Each structure stands twice: as C-alpha cells, then as structure tokens.
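The values are calculated or read from the model by the stated rules, or taken from the named source; none is laboratory data. Note that the structure is a prediction, hence the values are computed from the model and not measured. Methodologically, a virtual Cβ is constructed for each residue, glycine included, from the backbone with ideal geometry; neighbour enumeration extends over all protein chains shown.
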Amino acid sequence: MRVSIHANSNANSQVAKGKLLAGLKAPAFQIDEAHPDVVITIGGDGTLLSAFHRYADQLDHVRFIGVHTGHLGFYTDWRDFEVDALIEALNRDSGESISYPLLDVLTDFEDGTTAHYLALNEATLKRESGTMRSDVYIRENFFESFRGDGLCVATPTGSTAYSKSNGGAVIHPRLDAMQVTEIASINNRVFRTLAAPMILAPDEWISLRPEPFQDYVMTIDQFTARPSMINAIRFKIASERIHFARYRHMHFWDRVEDAFIGAKKPDAL
C-alpha cells in the first residue's frame, strides 16, 4: 500500500505524524507523496480539504483517511490518540470505502477562456463592493434575477459548513444533491428572489450569469480567486467522487449532533 501523510503545523499533529510514520515502516507500506493509494491527513477538516485539492486529479484510485487532533470533524474518523488502532486497521485493509459527491464548477470568461474546478464543500460568488446582480438559470431555464451579497452552492457534506450559516438545510451525504443558498439577498417591491434554500436533483444544474463587474470574488472550498470578467458559472454534481477508507462506521447524524448540539443523552427508559 502506497501512503501519503499530510499534517498541519500543530504540535499534536506533528507528534501523531511521527508515530504514524514509525508504525508504517513494515514492508507492506510505502510512503509515496506522488501517487498514493491512501492519503492520511492529520489536523482537521481544513487539512483534509487541502489534501483533497492536491490529489483531485487522482480521485479514481485514492482513498482518504482523516485524523483529528482537536474535536471530531466531519471528515475525520480517528483521533490522534488512536494512531495504533489506525495502523492495525491499515494492516487489515481490504479496500473498503465510502464515497461522497463533489461539486463541478465551470467558469466561462469574457475573453473566451474557461476554468474548471472541483469542490468538496462549496463554491461561492460574491462582489467585493456593491450589490451582486446575477440572473439565475436552472437547466438553462431562467429562474430569477438575484440581488444581494452573493450565492453559495454546496455539496451534501458541505451543507454543514458555510451553507448552514446561510440558513441552508443539513443534507445526508448519501444524497447526490447540491444546495443553493442566498447570502443576504435583497427582497422588496422591486427585486424578488425565492429567499429560501434550493436543493437540486443530480441531473439538474444551475448557472449564474452575473452583470459585468470586475470585482467578483469566487471561492472554491477554502481557496479564493478574483477572476477576470465572468460571462457565466455553471454548477452541477461532478462525475468524480471522493472516497474515504472507512474501517469503522460513524453515523452522519451522530457527527451532526456532536458538532452542533452536544446535548446530554437522556437516561435509558
């Protein structure tokens, strides 16, 4: 098994990385940063997002494992004090995995060029100054004229991140859907939007055709771009998927409860 390890600069992460490297010296393992079979991230969800974008062109054969050095994250199944158990699971590996949908983003620029991105969590379009004005199309059919700060398009796993803070629903990652949430939309007697999150089916796509300004800011997960003049941006569920080496099951709603509620469990009846 070819393994790549990515850790953030946190002291606990570096200690866990050293322990993991020491445990993977068996002949069955080979450290390979260029073409790994398994990518192990140590830190948090941000560390895993960075590793995902590094290996986005190898998703057909790479599986990811997340080790968290803080509280439990949405993409991390292991804690830093469980490195020995993780090494045992790697030794028993039989190719088990679970996959989640990704977001495909295609941008057309005024000069005729295009740019293509994959997002694990979400993509957004905003303006740095002034109101963003954009026509919104669903499957090439005009839907609305948006006025506001911006729009966020998220995957199911990304529904617990920025999308949720904009009032979006939390979507189970087994659903191949994407969600569009408005960021501070303007609704009055002149301008009207749906003013509610939209969840689109996997065979649908959404296109934005913003008015021609040069101060747009586009984000793909944690990365920010200030593109040149945009003609249109199309969002759809990607044909690619991210695969996680899942050696033990943790229910998605348990992750949601732990992250956002953390309530004391009721006494057994």
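Of the set (1) in contact with a His (Cβ under 7 Å, 6 or more places away or on another chain); (2) in a loop (DSSP other than H, G, I, E, B), all apply to ASP93 but (1). The set of residues in segment 130-154 that are over 20 Å from MET229 (Cβ atoms) and part of a loop (DSSP other than H, G, I, E, B) comprises ARG139, GLU140. Might you let me know whether segment 76-83 holds any residue that is over 19 Å from ALA259 (Cβ atoms) and either assigned to a strand (DSSP E or B) or of a type outside the set (Gly, Ala, Ser) (or both)? Within segment 76-83, one or more residues are over 19 Å from ALA259 (Cβ atoms) and either assigned to a strand (DSSP E or B) or of a type outside the set (Gly, Ala, Ser) (or both).
Flag not set for THR124, criterion: in a strand (DSSP E or B), without any contact (Cβ under 8 Å) to a residue 24 or more places away in the chain and either crowded, with 19+ Cβ neighbours inside 10 Å or within 21 Å of the chain's Cα centre (by Cα) (or both).
Filter segment 234-253 for residues that are of a type in the set (D, E, K, R), assigned to a strand (DSSP E or B) and out of contact with any Ser or Thr (no Cβ under 9 Å at 6 or more places or on another chain) and give the result. The answer is LYS236, GLU240. Scanning for something of a type in the set (Gly, Ala, Ser), touching a residue at least 24 places away in the same chain (Cβ under 8 Å) and exposed (fewer than 12 other Cβ atoms within 10 Å of the Cβ), does segment 202-221 turn up at least one residue? No, segment 202-221 contains no residue that is of a type in the set (Gly, Ala, Ser), touching a residue at least 24 places away in the same chain (Cβ under 8 Å) and exposed (fewer than 12 other Cβ atoms within 10 Å of the Cβ). Does PRO202 qualify as being at pLDDT below 90 and out of contact with any helix residue (DSSP H, G or I) (no Cβ under 6 Å at 6 or more places or on another chain)? Spelling it out, it is not the case that PRO202 is at pLDDT below 90 and out of contact with any helix residue (DSSP H, G or I) (no Cβ under 6 Å at 6 or more places or on another chain).
Specify the residue that is farthest from ARG174 (Cα to Cα); the eligible residues are those in segment 109-137 that are among the acidic types (Asp, Glu) and at pLDDT 95 or above. In this case the residue turns out to be ASP135.
Within segment 98-121, the set of residues being farther than 16 Å from PHE74 by Cβ, in contact with a Lys or Arg (Cβ under 7 Å, 6 or more places away or on another chain) and surrounded by fewer than 17 Cβ atoms within 10 Å (Cβ to Cβ) comprises just one member, LEU106.
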